Amino acid sequence: MNTTRGPVIPTVTRPTNVAGAARDLVEGGARPRAGGTDIATCVEAGVTAPGPLVDLLDVPELRGVRWADDGSARIGAMTTVAELGADPLLAGAYPGLAATARALATPQIRGTATVGGNLLQRNRCPYLRNPAFDCFQTGGDSCPARSGDHLRGVVVDQGPCAAPHPSSLAVALLAYDASVVVLERGSGAEVERGLAELYDGADPTRDHVLAPGDLLVAVALPRPVPGERAAHLRVAGRSRAEWPLVEVVARLECAEEGRGPVTRASVAVGGVARTPLRLPGPERALVGAVPGRALDQGVERALEEVADLCSPLPATGYKVHLLQASVQSAIEQALGARNR
């Protein structure tokens, strides 16, 4: 039992530009604070190690959406989830992302939580957030959830930690082949990397791979596709203020600006593994599917084969069927409704 963990009262700096934030992160050995919806509870529980914080709320460079000439978008890391969900241009260009943002948490949380904070938040395992227990992320050498309460845990087992990654926006952004823009401590330069590279399911000691002093600056989205069909499905124990058991974002690029057959599909899932995942089997099978028609046998077989990806823990076997049914429902919604 860990008896040293407890509440921490950190010092806080409030830079007004990215350069100042980067300097404070490096020189002070601090960690960034975005909306604060997660880090506040982590500090209170003693999950966050002692040390100063860099409050990013007064850095205007990190807020808002910037559109390139080709229609692609760059979303600042301090843009709130509510701003994503309310932006009509984003909803038109990236309907799956906007739908995900609108369904996340509660209006109060969406009004405070940020894009960067959602992507980099700590997992919700009760053992991590209870100072009476040690785990891989708090200096221990085991995952107590594996032999304890893991009803909400992974069903696609990627490594020692049994806690699913909690980010809803990561699921949507993975479906859109988005990238993250990171100001690296070592080089002092902005580096763009694929969203999937932000996470490593085999590393049980952390929920993302950014090094101390790195700063997530923005998310970069590729040029939108005319006629895209998209759907978001969030399955939870209750309709509001609940972390999803399974989450799905399905995107279908169709010929004839959405009226013709599917030419490319993206299906991303969350709540089932240490990282958000893409499902290549259903994605391949959906090519050629026709909007408004029932799923053909190829897609049905691909949905059945989703179970082959699963390696459930003793208490998460129920998620195998839940995942299959959720993916099927999201795909059917995307095929049946024109989003753009």
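The values are calculated or read from the model by the stated rules, or taken from the named source; none is laboratory data. As the structure is a prediction and not an experimental result, all values here were calculated from the model. Here Cβ is always computed from backbone atoms with ideal geometry, including for glycine, and neighbour counts include all displayed protein chains. Please note that ligands, DNA and RNA were not included when accessible areas were found on the heavy atoms of the full protein model with its side chains. Shrake-Rupley method; radii C 1.70, N 1.55, O 1.52, S 1.80 Å.
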- line: Scoring the chain by relative contact order with C-alpha pairs under 8 Å, at least six apart, yields a percentage of 17 percent
query: Can you give the direction-averaged projected area of the convex hull of the alpha-carbon atoms in segment 37-98, in nm²?
result: 5.7 nm²
message: Taking a cut-off of 18 Å, what percent of all Cα-Cα pairs in segment 173-224 are separated by more than that?
response: 34 percent
Simple label model, 7 Å out from Cα along Cβ direction - E304 to R206, nm: 4.3 nm
task: List, in order, the whole-Hz ³J(HN,Hα) value for each residue of segment 215-224 obtained from phi through the Karplus relation with A = 6.51, B = -1.76, C = 1.60 and θ = phi - 60°; use x for Gly and Pro.
output: 10, 6, 9, 7, 10, 10, 10, x, 4, x
- prompt: Just the Cα atoms of segment 147-210, one point each, no solvent: what log10 I(q)/I(0) does Debye give at q = 0.16, 0.20, 0.21 Å⁻¹?
  reply: -0.64, -0.89, -0.95
task: State in Å² the accessible area per residue of segment 200-337; use a 1.4 Å probe, count heavy atoms of protein chains only, and round to the nearest integer.
output: 42 Å²
- request: At a temperature of 25 °C and a viscosity of 0.890 mPa s, determine how fast the chain diffuses translationally according to Stokes-Einstein, using the Kirkwood radius over alpha-carbon pairs as Rh; express D in µm²/s, rounded to the nearest whole number.
  value: 119 µm²/s
message: So for segment 169-263, averaging the separation of alpha carbon pairs under 8 Å that are six or more residues apart and normalising by length, what relative contact order in percent results?
response: 25 percent
message: How large a share of the accessible area of segment 213-340, in percent, is made up of carbon and sulfur atoms when the probe is 1.4 Å and the other protein chains stay in place?
response: 49 percent
- request: Express the relative contact order of segment 1-130 as a whole percentage, based on alpha carbon pairs under 8 Å and six or more residues apart in sequence.
  value: 26 percent
- request: Collect residues whose amide H, placed 1.01 Å from N in the peptide plane, falls under 5 Å from the amide H of V246; neighbours closer than 5 in sequence don't count.
  value: V235
- request: For segment 259-340, would you read off the P(r) tail past 23 Å as a percentage of all alpha carbon pairs?
  value: 22 percent
field: Accessible surface of segment 1-150, 1.4 Å probe, proportion on carbon and sulfur as whole %
entry: 56 percent
- request: May I ask you to compute the full-extension gain from D58 to R284, defined as 0.36 nm times their residue separation minus their alpha-carbon distance, rounded to one decimal in nm?
  value: 76.9 nm
